[in-house]
């Protein structure tokens, strides 16, 4: 059983968690999306550009970006994060 990440009590455990097997953080809640796991992207092309490609850990996080994005028709597309 792996040991829990060590912390000095100042919030540094998050930086320990972000290193390692993390591909990218969720664009809404900032939770880590690990290599090889499922994630959501927006079906609208302006959300998937190289400069601002949004990724979401769940449909709820994808849904949270809709009021800001002002899309007419959009849906969540399930993708798989690249493996190492």
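Report, by residue number, each residue of region 34-47 that is over 14 Å from residue 78 (Cβ atoms) and within 13 Å of the chain's Cα centre (by Cα).
Answer for region 34-47, where residues must be over 14 Å from residue 78 (Cβ atoms) and within 13 Å of the chain's Cα centre (by Cα): 34, 35.
Answer yes or no: is there a residue in region 54-72 that is at pLDDT 90 or above and in a strand (DSSP E or B).
yes
The values are calculated or read from the model by the stated rules, or taken from the named source; none is laboratory data. Note that the structure is a prediction, hence the values are computed from the model and not measured. With ideal geometry, Cβ positions are generated from the backbone for all residues, glycine too; neighbour counts draw on all protein chains shown.
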